[in-house]
Amino acid sequence: AAPVQVQLVVPIAVVFAPGSLPGDLPRPLPFRDVQEMEISVNVRTSVTSRYEMLYRSTTGQEEAALAAVTAREADAALHPLQDTTLGSLTMYVVPETSSLLPQGTNVYVGKHRSALVRAGGSLAALQARLREVTQVMSFTASSIAAALSDRVPDGQLSPDARRYLKSSLGYEITFSLLNPDPKSHTVDWDIEGAVNRYVKPVLDKLSLVANFSVDSQILYYAVLGVTPRYDKESSSFLLSAHSLPHVINPVEARLGSSAASLYPVLNFLLYVPERSHSPLYIQDKDGAPVSTNAFHSPRWGGIMVYNVEAPPSPQASLPLHVDVDMARVMEVFLAQLRLLFGLSREEVPPEFLLESPGNEGLADWELDHLLWAHTVENIATVSTTLTSLAQLLDKIGNIVIKDDVASEVYRAVASVQSAVTELSLGHLHAAFQASKEAVTSSERAFFDPSLLHLLYFPDDQKFAIYIPLFLPMAVPILLSLAKIVRETRQRKKEPTKMD
Amino acid sequence: GGMAAAAALLLLLVVAAGPGPGRAGAGQERRDALREELLLSPLPTGDVAATFQFRTRWDADLQRGAVSHYRLFPKALGRLVAALGVRELHLALTQGFWRTRYWGQPPLQAPAGAELWVWFQPTVTDVDKAWKELSNILSGIFCASLNFIDSTNTVIPTASFKPLGLANGTDHHLLRYAVLPREVVCTENLTPWKKLLPCGSKAGLAVLLKAERLFHSSYHSQAVHIRPVCRDASCLAVSWELRQTLTVVFDFFSSGQGKKDWSLFKMFSRTLTDTCPLASQSKVYVHISPKNKEKELLEVSPPPTSVHEAIVQGEKKTYAVYDLLSPSLFNTSRSLNVQLKWKRPQDSSEMPIPTLHAQRYVGGYGLQTGQICTLIYNTHPYRAFPVILLETVPWYLRLYVHTLTIITKGKENKPSYIHYQPAQDRRRPHLLEMLIQLPANSVTKITIQFERALLKWTEYPPDPNHGFYVGYSSVLSALVPSVTAMKDMDVEQSPLFTSLFPSSDGSSYFVRLYTEPLLVNLPTPDFSMPYNVICLTCTVVAVCYGSFYNLLTRTFHVEEPSRGGLAKRLANVIRKFRGVPPL
């Protein structure tokens, strides 16, 4: 892969509340400090992160805000006082004895771009804690490695990394209701209301990252590729974890491709099992039933099984009317959506308390988390695309690069350079925009149809055509060569004869 | 009391605000309905035609709304209509040719190969770009080579192909029409077509659609029609209609083993066992009164649920109807196998001739010039009617327009409307549209001469010696006078096969006919010639080179005279005989 060198700069303000100053401060407040961290991906790709810390004490307004009773109230009060640019972080250090943070938690991460950190004795201990918080709120070595997963050697990547969606300019989200047995069930789902209520707020927030389009469909007679196993004990049907990979294929043929756009599709399927296979439960690897009755497929989407409660009497008139509980379904699908975007909240240390994002479904710092990863991924993608184009040109010399293709390449290079510069200045939003433009330009250049206009004759075919010329011409030359060889041999023999 | 009155007033206000145009969709109950229908019509030749129609009607406006939620209407097509600003879309994929002269007027005819015509919304700014994109996407959906549609085979007809659905304006610049006559239709096109049906091929009439039987037939045509229609009689709101039609003609020699008695099982090797639970109507119609006959000649079994009489294509016809949704049908037996038996042998000499039919051929000899002849027949005994003729001819046949002659009954027939757009080499085809009056009981002959152009060697398709399908087919659109006056009927109540084309008034009915595609041989070069030339030249060069090389490199030295060669000895022998001294 092509060499990529990126420096990620995160501006951080560390604000000390009164009574929280560590004893061993090197200088009086305010002062600046820089910490660097190397993220090694492979030999040719180096990512360094640089945390530019500004240590200062609280202002009067901040002090008043920190006087709130709970952390949540403090967070809400502090929000208007903060630097709201994307990528920047504010840490409020509160005294060790502060009652703002509940017992046992040392860090509270708010809805926006700030955290409350309990002071921990010495400056070194505080800095260690701050580093942990910063990584959770911006990027970790593993999230950057996941973004650059194409470049990471196979063995070193965590299994989660391949789950995340590749960075793209847009995504299409399709909700499909699979009703394999319309004779027994008429299933109604209020997908329009559910999308407006649960999905749209999240996507509005994510619209900074990419364009999203949402649609839904109902597919009848769409069956899973695996026949579930009947379990006598629970008198239910079971899908074991190892059979799940075979479930999707036959369904996918029915889902329909997104012919009208080039964006990747995220599929979320709600499967209402046939009456003869109800109820249906998914088992995990240990054989225990999965509580959500759902699973996800990396970079593809998720499937949830929705069981219909059996009617009181088997003679109840068919078809049975089913109204889907959309809140239950959307909870699962949104969790899967977060998982696919790499925004899982599970890898956080236990002394951390994360504020729930509420109705928006996504905290501001989670958005930053996504932007950091996508910007780095975009830069790497552009570098790879342009390198492959150059390699292609080296291999096939007679490809014609038209002026407009060349200008797209120049634009891609300029954009990617500006993205790298903006990153090293700590301007996350500008860097992300530039990296998006770079991806667009480089893809346009790489996939320009004019590159394939000419007919290419490989060299061996050209040679084959000229064989009728070369072969007869070679015959007299070879014959005379043979003659020369014969004559020289004879000349060598003759003197021995004379002797 | 006051509170209640206020509440009632509020309710009234809400109700009054309800059916506004902006509120459609949101919060309202989505209403979409599927109707399916199979029409079996025995043809005069003993063959049988089966026409399937599946109609999905959706009471929603596809052009509005950012979030789209589909139920019965297929998402792939719906998104296409919304994204590209399509007002009306008609795609037909056909294998074989409908023989109008022998089979009578078809319910739905399409030219051999692929035919696509689309009306775009007036909001579409770049129609050509949308057309190109649309054909590319459709070729992906239907696995057909529609991506070969480009400016050289697209025309903009001015008089033919008026919108079949709701339309405010008919500005023909929003219309595109293209035919690909070489397209071979097969299973890979049928599978995506079946996938668009809500029940797939799992239930309902679609279980009969088995590829190995459908393509073992003389004519197979599958089509998709999307158009906006009126939601109700007042026509204040728009509904979208998707019609999927499939027509197949089974040959009585190959499929019927020479017998004219048919059954569902004989045709499709399947019978109907259950209905599609999503369909609001599911019916099988069997045409039981042959043309011009009041008396029934056909006997159908099992006994039909009802008998339907309708005036179709100007004639009163009787149909036996099997309603699959009526509970009595599957009560007696588990499956339905409709059987058709002739009551008495049919006399083939009294085969009825359709009022309008046409034929076309290429005349002339040699590889330079030729002429296209079209014969249009009006067999109506006393009524004349006009017909619109659409001819598209590819650019590599250069039409001589001054040679255009239209002759009816020995006299020249002047068209009342003529639109001609000349071709541009490698850019666009010829387009000729004429409105011709056909006198009663007449044959009209239209001839036009052409010259064949020479193509570049890369422009020849594979297998160029097969010939070129040119002129695609000429399309005849006509309002043919009816024998029986038609009554106005409710479109929603009448069978689907009568309701695709709008009926104008009771005295005539609309017919669109396609003539046979023409196969023209173009001067075709010997494609191995360049290689032969290279070989020959190379050999000559090599021989010359060899002798020059020998001349330049050989050392010449005087050879001792030996006993002489064979010729010299032979000459000496002869000289000896003659008594001459030897050489």
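What the table shows:
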{"item": "B:Leu438 vs. criteria surrounded by 13 or more Cβ atoms within 10 Å (Cβ to Cβ), aliphatic (A, V, I, L, M) and within 17 Å of B:Tyr361 (Cα to Cα)", "result": "no"}
{"item": "Breaking point among (1) without any contact (Cβ under 8 Å) to a residue 12 or more places away in the chain; (2) at the interface with chain B (Cβ under 10 Å from one of its Cβ atoms), for A:Asp231", "result": "(2)"}
{"item": "Matching strands (runs of 3 or more DSSP E) fully within the stretch B:186-300 where at least 2 residues are within 14 Å of chain A (Cβ to nearest Cβ) and not aromatic (Phe, Trp, Tyr)", "result": "B:279-287"}
{"item": "Tally, over the stretch B:447-462, of residues that are touching a Lys or Arg at 6+ places or on another chain (Cβ under 9 Å) and in a strand (DSSP E or B)", "result": "3"}
{"item": "Which listed residue is touching a residue at least 12 places away in the same chain (Cβ under 8 Å), among the acidic types (Asp, Glu) and buried (at least 16 other Cβ atoms within 10 Å of the Cβ), from A:Asp75, A:Asp33", "result": "A:Asp75"}
{"item": "Sole residue being outside any helix (DSSP H, G or I) and either in contact (Cβ under 8 Å) with a residue 24 or more places away in the chain or surrounded by 11 or more Cβ atoms within 10 Å (Cβ to Cβ) (or both), chosen from B:Glu559, B:Glu516", "result": "B:Glu516"}
{"item": "Residue among B:His69, B:His90 that alone is farther than 30 Å from B:Phe252 by Cα and within 13 Å of chain A (Cβ to nearest Cβ)", "result": "B:His69"}
{"item": "Index of the failed condition, A:Leu266 passing every other in (1) in contact with a helix residue (DSSP H, G or I) (Cβ under 7 Å, 6 or more places away or on another chain); (2) at pLDDT below 85", "result": "(2)"}
{"item": "Some residue of the stretch B:233-247 being buried (at least 18 other Cβ atoms within 10 Å of the Cβ), modelled with pLDDT under 90, among the aliphatic types (A, V, I, L, M) and assigned by the TED database to the domain that holds B:Val124", "result": "yes"}
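Residue-wise test of (1) more than 8 Å from every other protein chain (Cβ to nearest Cβ); (2) of a type in the set (Ser, Thr, Tyr).
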{"residue": "A:Lys183", "(1), (2)": "no, no"}
{"residue": "A:Asp188", "(1), (2)": "yes, no"}
{"residue": "A:Glu192", "(1), (2)": "no, no"}
{"residue": "A:Pro201", "(1), (2)": "yes, no"}
{"residue": "A:Ser207", "(1), (2)": "yes, yes"}
{"residue": "A:Tyr221", "(1), (2)": "no, yes"}
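Residue-by-condition table, conditions (1) over 29 Å from B:Glu37 (Cβ atoms); (2) away from chain A (no Cβ under 12 Å):
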site	(1), (2)
B:Val86	no, no
B:Trp103	no, yes
B:Gln121	yes, yes
B:Asp128	yes, yes
B:Leu134	no, no
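The values are calculated or read from the model by the stated rules, or taken from the named source; none is laboratory data. Keep in mind that what you see is a predicted model, and the values were worked out from it rather than measured. With ideal geometry, Cβ positions are generated from the backbone for all residues, glycine too; neighbour counts draw on all protein chains shown.
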